[in-house]
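*Asks:* Encoded as structure tokens, here's the structure I'll be asking about.
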Amino acid sequence: MTSAWLVARSGLRARWRSWLALALVAGLAGGLVIALAAGARRADAAYPSLEAWSRPPAELIGLDAGKDFASVSATQARTLPQVSAVTSFTGFVTLNPVEIGVMAPADATVPGALWHRKLLAGRLPAPAGPTRRTSPSRPPSPCTSASATCCR
């Protein structure tokens with residue numbers, strides 16, 4: 001046993017810098033793996049909590065589908081057991097040059113009782129004052145897209 005210790009100690013004494021470098025690389029790799037696992041766990045929990053808070057609809061159904069399909073009124077849809085909430089939207093569709101559809105809530109249930117919005121900056125537009133600005137309250141940055149040296 002003492003001969004094994006003698007060989008191990010002499011090997012460590014001769015190559016301690018390489019053993020130290022190997023231990024540092026292994027520690028950094030282990031720390032990176034732990035940090036990535038913690039970030040993945042946090043991201044995995046973030047979306048379900050945002051979804052629970054914002055209450056997005058599972059389905060958006062057009063009730064007036066034209067004469068080729070059955071028409072259902074909002075009161076009939078509200079009585080279905082699998083429907084938890086009903087609201088109405090106003091829509092606009094353009095076909096030239098491509099088909100673009102825009103939908104806007106027709107009443108205050110969106111974003112009030114249903115489908116909350118999460119604003120990262122700024123505020124919701126004021127329906128009473130459409131000319132008011134809806135950008136963030138801080139003054140505009142002196143940076144332009146052409147200047148590459150200005151960062152926040």
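*Asks:* Please give me, ordered by residue number, the trypsin sites (Lys or Arg not before Pro) of region 1-94 that lie in loop per DSSP and have at most 10 other Cβ atoms within 10 Å.
*Replies:* K67
*Asks:* Let me ask another. log10 I(q)/I(0), Debye, Cα-only region 2-54, no solvent, q = 0.23, 0.27, 0.30 Å⁻¹?
*Replies:* Normalising to I(0) and taking log10 leaves -0.85, -0.94, -1.01.
*Asks:* Still on this structure, I have one more. Considering the dipole of region 2-54 built from charges on the beta carbon (Lys and Arg +1, Asp and Glu -1) around the Cα centre, which of L36, W53, V7 is farthest to its positive end?
*Replies:* Projecting each Cα onto the dipole axis, the largest value belongs to V7.
*Asks:* Then there is this: Label A106 and W53 with points 7 Å out from Cα along Cα→Cβ: what is the distance between them in nm?
*Replies:* Placing both labels 7 Å along Cα→Cβ, they lie 3.1 nm apart.
*Asks:* Given a Förster distance of 22 angstrom, what is the FRET efficiency for R41 paired with K118, based on the Cβ-Cβ distance and rounded to 0.05?
*Replies:* Efficiency computed from Cβ-Cβ geometry: 0.55.
*Asks:* As an exercise, use a Förster radius of 41 Å and the Cβ-Cβ distance of Q82 and A29 to find the FRET efficiency, rounded to the nearest 0.05.
*Replies:* Plugging the Cβ-Cβ distance into 1/(1 + (r/R0)^6) gives 0.25.
*Asks:* Please give me, ordered by residue number, the chymotrypsin sites (Phe, Trp or Tyr not before Pro) of region 1-77 that lie in loop per DSSP and have at most 13 other Cβ atoms within 10 Å.
*Replies:* Of the chymotrypsin sites (Phe, Trp or Tyr not before Pro), the ones in loops of region 1-77 whose Cβ has at most 13 other Cβ atoms within 10 Å are F69.
*Asks:* In Å, what Kirkwood hydrodynamic radius results for region 1-119 from the alpha-carbon pair distances?
*Replies:* Hydrodynamic radius (Kirkwood, Cα only) of region 1-119 equals 21.1 Å.
Values in this text are rule-based calculations from the coordinates and carry no lab data. If you're wondering where the values come from, they're calculated on a predicted model, not measured in any experiment. FYI the Cβ positions are ideal-geometry reconstructions off the backbone, even for glycines, and counts take in every protein chain you see.
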